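Step one of this worksheet: look at the structure below.
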Amino acid sequence: MKKVPFFRQKFTDENISNILTDVEGILKSGQLIFNKNVKKFEDAFAKEIGVKFAVSVNSCTTALMICLEYFNRRKLKVLLPSATFITTANSVLFTGAEPVFVDIQEGTLLLDFDDIKKKAGNDVSGLILVHLLGFMNKDMEKIRDFCSNNDLFLIEDAAHAIGTSLNGVKAGALGDAGCFSFYATKHVSTGGAGGMITTNDEDLCEFARKKRIFGKDSATGVIEYFGNDWFLDEIRASIGYSHLSFLKENLSLREKSAKKYDAAFRDFKNLKIFESTEGSTASLYQYAVLLSEGIDRSLLMKRLSQEHGIDTKPIYDPCHLETIYQSLPAYKNVSLPVTEDILNRSLAIPFFPGISGEEIETVLDAMRQEVG
């Protein structure tokens, strides 16, 4: 049985050659942090997103925490989806605020604008909008206007969405700040972990640069904030910079693979596909389908693995139902019916820039046998 992995990262021969040359130069220079590779990566990333500033950090979680602390609304509440990776919610708790989970829209992975308005009380300071799997919210403009008119900050968790855009404006340039991930599986990887803050706010840029290096002003050496060693080193920056040069090809490969899946799955009776918002392009991080009610997802995953050699996974479990959040009294009675339904019926299948046509057909054949 030929195995189809859930994910396999792709670096081109040119990427690898450039990275090895850069790493050798870094090691010979003896300058392992805050040298030319960090600045080069930040400048290139800011240009790619279309913002004035980009500040590299060690993870997307750190990026979120720095942005949340910059807005300095401690002890207040922050709106965000439960349909996200748990670190989105954790970043709110880590900075002294309270996550308030918002439901998603029927049949989608996107925040429900009506539920945002319902939960945006006087004790709410802002919103973290997650472009889950790379999809852009159809109500993005309404959400931006609502946040602006109600003095709410708007942070984009764009960990899945490098390259996603709405009416020509890219994810990470639509809110007060964007937060990106360079984890090993992302569109752009720094080899292990890494993150970036994007913004047009110069004060946020300067705050982030100080927070990431123990809260220190690099010019004076004065410690102005409680910070940490949250910076991105020269080696990971060089990997990220080189991999960024592959982004256009990466997105093109993902789009071609997604279209093959879309075309086939539209004929399936027992699942639905998630579609892009009109006017947006989705740079898919993962490819997921929505299974019909009554299908046992756990059994399906087991059969796909054991009978067909195909690795699959749920997107995420709802944050509010994770054991750690259920241990907190505030979340024991939280009900988000759409989030719970959609995430419990979603299945992410093999999808990555180097996936072959043969591997896609293997996945489709297996899915036809099991749920077609």
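The values are calculated or read from the model by the stated rules, or taken from the named source; none is laboratory data. Treat the numbers as computed from the prediction; the structure is a model and nothing was measured. Using ideal geometry, Cβ is built from the backbone for each residue, glycine included, and neighbour counts are taken over all protein chains shown.
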Review point. Based on what the data block shows, is Glu340 among the acidic types (Asp, Glu) and either assigned by TED's automatic domain parsing to the domain that holds Ile104 or more than 25 Å from the chain's Cα centre (by Cα) (or both)?
Key: no
Review point. Hey, does region 237-256 have a residue that's among the hydroxyl-bearing types (Ser, Thr, Tyr) and touching a strand residue (DSSP E or B) at 6+ places or on another chain (Cβ under 6 Å)?
Key: no
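For region 306-326, enumerate the residues that are more than 22 Å from Lys256 (Cα to Cα) and either of a type in the set (Val, Ile, Thr) or within 26 Å of the chain's Cα centre (by Cα) (or both).
Within region 306-326, the first condition is being more than 22 Å from Lys256 (Cα to Cα), and the residues that meet it are 306-309, 314, 316-326.
Scanning region 306-326 gives Pro314, Tyr316, Asp317, Pro318, Cys319, His320, Leu321, Glu322, Thr323, Ile324, Tyr325, Gln326.
Condition check: touching a strand residue (DSSP E or B) at 6+ places or on another chain (Cβ under 6 Å) and not basic (Lys, Arg). Does Ser280 satisfy that? Please lay out each step first, then the result.
Numbers: touching a strand residue (DSSP E or B) at 6+ places or on another chain (Cβ under 6 Å): yes; not basic (Lys, Arg): yes.
So Ser280 passes the test.
Okay, residues lined up against (1) among the charged types (D, E, K, R); (2) under 27 Å from Glu141 (Cβ atoms); (3) touching a Leu at 6+ places or on another chain (Cβ under 7 Å):
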{"site": "His160", "(1), (2), (3)": "no, yes, yes"}
{"site": "Asn200", "(1), (2), (3)": "no, yes, no"}
{"site": "Ser218", "(1), (2), (3)": "no, no, no"}
{"site": "Gly221", "(1), (2), (3)": "no, no, no"}
{"site": "Glu234", "(1), (2), (3)": "yes, no, yes"}
{"site": "Phe265", "(1), (2), (3)": "no, no, yes"}
Study note, to complete from the structure: When Ile33 is run through (1) of a type in the set (A, V, I, L, M); (2) more than 23 Å from Trp230 (Cα to Cα); (3) surrounded by fewer than 24 Cβ atoms within 10 Å (Cβ to Cβ), the failure sits at (2)
Review point. Which of the residues that make up region 125-149 are at pLDDT 95 or above and either aliphatic (A, V, I, L, M) or assigned by TED's automatic domain parsing to the domain that holds Ser283 (or both)?
Key: Leu127, Ile128, Leu129, Val130, Leu132, Leu133, Ile143
**Study point:** Qualifying residues in region 151-165 (those that are free of Cβ contacts under 8 Å to residues at least 60 places away in the same chain and out of contact with any helix residue (DSSP H, G or I) (no Cβ under 9 Å at 6 or more places or on another chain)) - the one farthest from Tyr316 (Cα to Cα)
**Key:** Asp151
Review point. Looking at (1) within 16 Å of Leu284 (Cα to Cα); (2) out of contact with any strand residue (DSSP E or B) (no Cβ under 6 Å at 6 or more places or on another chain), which is the one condition that is false for Ala159?
Key: (2)
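Results for (1) among the charged types (D, E, K, R); (2) in contact with a His (Cβ under 9 Å, 6 or more places away or on another chain); (3) outside any helix (DSSP H, G or I), shown as yes or no for each residue.
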| site | (1), (2), (3) |
| --- | --- |
| Thr185 | no, no, yes |
| Ser189 | no, yes, yes |
| Phe207 | no, no, no |
| Lys210 | yes, no, no |
Check your understanding: Mind checking which residues of region 268-300 are closer than 26 Å to Glu255 by Cβ and free of Cβ contacts under 8 Å to residues at least 60 places away in the same chain?
Key -> Ile273, Glu275
Review point. Just one of the numbered conditions (1) touching a Lys or Arg at 6+ places or on another chain (Cβ under 9 Å); (2) surrounded by 23 or more Cβ atoms within 10 Å (Cβ to Cβ); (3) closer than 20 Å to Gly50 by Cβ is not true of Phe246; which one?
Key: (2)
